[in-house]
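Some notes on the structure that comes next.
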Amino acid sequence: MVVFLITFTVSSLISNSYAAQMTVVLSPSLNQAEPVFTANRFITLQYDPSSELAKKFATVNDNIRFKANASSPGMAELISGINQDIFTEKQSPISIQNATVDYTGTLRGSSDRLILSYKVVFTPSISGFTLPSNNSESGGALVDLDWRGFFTNRPLELQVPSLGNVSLNYPISLLQIKYPELAQQLNSSEAGRIFNTPLFNFEKIATPMERWHFLFDPTGSQASTAGSGYQELGGARVVSIFSLGESSFREGVMEAEETEATGVADGTNINVHSTTPPPSGQVQIAGFATVSKSGNSEIAFVTENAPEGTTTATGGFPLQVLFILAGMMAAVSVFVLWKARK
């Protein structure tokens with residue numbers, strides 16, 4: 001328990017320095033959840049401080065912020081499109097019924113640059129991640145994990161009052177609303193590639209679970225008091241916590257993505273730099289979870305209680321877990337057949 005407390009505290013401090021891109025609490029018995037996906041990006045336009053652009057943007061301090069829910073115009077189409085992409089790319093059985101969005105875009109100018117920042121929080125209500133199994137003797141449940149790293153090229157447009165159509169997915173939309181002439185000029189240059197690179201790219205959250213840090217709390221009390229957001233769901237007090245984003249020899253280093261491009265606006269050369277923070281994520285599962293991989297698919301085999309004496313499984317599994325894996329493999333065969341038929 002002492003090891004858990006130290007490790008959890010350190011990992012919590014480290015994760016705060018990253019952009020939290022996905023968090024979720026899963027209960028196999030409830031088979032419903034509300035994962036939180038957060039897309040972050042920073043784009044810097046750098047130009048000559050003596051240019052007309054510098055005069056125009058030197059004092060800019062502006063932002064766009066809005067929230068949307070299931071009743072917002074365009075949300076139904078957005079949900080339908082993401083459902084299609086998750087099924088097509090991941091062959092995952094999950095379904096999004098509704099969702100909320102919190103969009104924040106800011107523009108900050110100075111003498112030689114304009115900085116744009118994006119934060120889009122997408123919170124869908126999902127179901128269907130608990131998979132059918134014909135192996136009742138195993139005493140556990142199968143949970144699909146493939147949906148977590150979805151990607152979509154769709155514009156994901158919403159009709160926002162006083163703003164019109166806003167693309168959640170394309171960074172160019174922020175400029176189109178605030179500075180349409182600048183957006184048009186950049187969009188027709190090399191910089192257009194950066195401004196049309198989707199924000200909703202969570203593919204790195206699909207990093208194999210073997211590279212996620214695994215913590216196990218046999219009571220759930222430590223996870224709850226440590227501020228992880230854990231909730232006692234489905235009657236299970238045991239909690240398995242998988243975290244992505246901590247750098248170590250075993251998990252490796254998660255790095256930011258950086259891209260450069262150039263453009264021209266109002267006769268001024270512009271250097272464009274895009275930064276997407278390193279991925280991070282946390283999956284909390286009510287129960288004791290062991291992960292198995294078949295091809296590109298990953299599932300968790302979840303039991304209500306852990307083997308006696310189990311504390312944490314990072315870096316190696318206790319002997320008792322190996323016995324659980326034997327029962328798990330029979331259940332996995334059903335999952336593999338299900339995927340193959342889709």
Starting from the exponent 0.38 and prefactor 2.2 Å, build the expected Rg for segment 156-221 from its residue count and divide its actual Cα Rg by it. 1.76
Please compare each pair in Lys67/Lys204; Lys55/Lys204; Lys56/Lys119 to a cut-off of 31 Å on the Cα-Cα distance and tell me which ones are over it. Lys55/Lys204
Starting from the Cα gyration tensor of segment 14-135, take the square roots of the eigenvalues, sort them a ≥ b ≥ c, and report rounded, prolate or oblate (rounded when a/c is under 1.5, otherwise prolate if a/b is larger than b/c, else oblate). prolate
For segment 64-119, list log₁₀ I(q)/I(0) at each q in 0.20, 0.22, 0.24 Å⁻¹, using the Debye formula over Cα point scatterers of equal strength and ignoring solvent, two decimals each. -0.79, -0.86, -0.93
Alpha carbon Rg of segment 72-211, scaled by the compact-globule rule 2.2 N^0.38 Å: 1.30
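Values quoted throughout were computed directly from the atomic coordinates according to the rules given, and no laboratory measurement underlies them. Keep in mind that this is a model prediction, so the values were computed, not measured.
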